[in-house]
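This report concerns only the one structure given below.
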Amino acid sequence: MRQIAVLTSGGDAPGMNACIRAVVRKAIYHGLKVVGISRGFAGLLDGEWFPLDLASVSDIIHRGGTILRTARSQEFYRPEGQEKGGRLLRGAGIEGVVVIGGDGSFRGAKALYERGLPTVAVPATIDNDIPCTDYTIGFDTALNTAIEAINKIRDTATSHERVFLVEVMGRRSGQIALSAGIAGGAESILVPEIPFSLEAVVDRIERGRRRGKLHSIIVVAEGAASALELGREIEGRIGLETRVTILGHIQRGGNPTAMDRIVASRLGARAVELLLEGTGGYMVGLVGGEVKETPLAQALEQQKTIDRDLYELAAVLAL
Ligand code: F6P
């Protein structure tokens, strides 16, 4: 193997740059040439790539976003697009690809592998919704952003004795909501994976009031309910002043935490090792503190589940 490519795809996540840096530096250390593909699979189909050297990845380990930029490509979803992508890469003498992204990117990585290109996928999404890894790159940073916001909201919620709903990202995943809710001491946590009842949420607020709690914080994953609608309903039922904060895309930006940088560096480096060993069609992940690889086909058949013990613990601690 002489030359590999690296791309980032799907929603950006803090730590993607640290991962690109690890891929480039580890590959060059082993004598490989590296090209960076711009704008994910969309850029691949447009032939947008350029050489990366040691200096191209200087001064990026601490930056959010991705220097390679990212996109979602409709064309690459189709078999003709995937065929074209494989052909273009082979024509450019690229013999291996590292794909950094979430589950859509993993499907793209598998498609490239099935078209004869050794490909390794590295999980990077703030949603932490990829199976076969305890963490995805970006989750820890997004979680800390959410907690910082909840801390601030708690100050004003207490002063005004208000109910606050904080909506966090996670269209199909409650991982950010659950962790932010636990770490932020929320009264209720609503996640898409577990049905909830408005009665139970209201009851919890009222019980808190009866024992002198001045405020309530409810963390809502965007995929569980609309915090705005829920806020209106809660206010209508119990007549307490209710406010809603939607954290939105601030969760996707910002300097990656130390943990995200370290996970990104370890996983990026391992992805290159796998390509050097001639192993394509795999994802790398962090399982129980160890870097582990799993066949992409196997990973894509599974779904990450929400930790129900943690969910129940949150309810106990918020009594
Ligand atoms: O990166 C994952 C995610 O943040 C989801 O939680 C969210 O629903 C989605 O991306 C929004 O992405 P975009 O604004 O890029 O469509």
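The values are calculated or read from the model by the stated rules, or taken from the named source; none is laboratory data. Computed from a prediction, not measured in an experiment: that's the story for all the values here. Cβ atoms come from the backbone with ideal geometry, glycine included; neighbour counts cover every protein chain shown. The protein model used for the area step is the full one, side chains on, heavy atoms only, and it has no ligands, DNA or RNA in it. Shrake-Rupley method; radii C 1.70, N 1.55, O 1.52, S 1.80 Å.
The figures follow:
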{"read-out": "Rounded to 5, percent antiparallel among DSSP beta bridges of the chain", "value": "25 percent"}
{"read-out": "Integer Hz, Karplus 6.51/-1.76/1.60 couplings in order for the stretch 177-188, x for Gly and Pro", "value": "4, 5, 5, 5, x, 5, 6, x, x, 6, 6, 9"}
{"read-out": "Residue-averaged 222 nm ellipticity for the chain, from DSSP H runs of 4+ at -39500 (n - 2.57), nearest 500", "value": "-13500 deg cm²/dmol"}
{"read-out": "Other-chain or far-sequence residues with amide H under 5 Å of Gly96's (modelled H)", "value": "Ala5"}
{"read-out": "Solution diffusion estimate, µm²/s, Stokes-Einstein, the stretch 195-319, Kirkwood Rh from C-alpha pairs, 25 °C, viscosity 0.890 mPa s", "value": "131 µm²/s"}
{"read-out": "³J(HN,Hα) computed for each position of the stretch 45-53 - Karplus, 6.51 cos²θ - 1.76 cosθ + 1.60, integer Hz, glycine/proline x", "value": "5, 8, x, 8, 9, 8, x, 10, 10"}
{"read-out": "Helix axis angle, 198-210 relative to the chain longest principal axis, alpha carbon, degrees", "value": "50 degrees"}
{"read-out": "Per DSSP, loop GluC sites (Glu not before Pro) in the stretch 210-243 with at most 13 further Cβ within 10 Å", "value": "Glu241"}
{"read-out": "Accessible area (Å², per residue) of the stretch 141-252, counting only protein heavy atoms and a probe of 1.4 Å", "value": "44 Å²"}
{"read-out": "Rg/Rg_globular for the chain, with Rg_globular taken as 2.2 N^0.38 Å and Rg from C-alpha atoms", "value": "1.09"}
{"read-out": "Cβ-Cβ FRET estimate between Ser58 and Glu114, R0 fixed at 45 Å, reported to 0.05", "value": "0.80"}
{"read-out": "Surface share of carbon and sulfur [accessible, 1.4 angstrom probe, percent] for the chain", "value": "49 percent"}
{"read-out": "Contour excess over end-to-end distance, with Cα ends at Leu319 and Thr156 and 0.36 nm allotted per residue", "value": "56.6 nm"}
{"read-out": "Cross-link pairs Lys110/Lys292; Lys213/Lys304; Lys26/Lys304 - those with Cα-Cα distance over 23 Å", "value": "Lys213/Lys304; Lys26/Lys304"}
{"read-out": "Isotropically averaged projected area of the stretch 141-252, using the convex hull of Cα atoms (one quarter of hull area), nm²", "value": "6.1 nm²"}
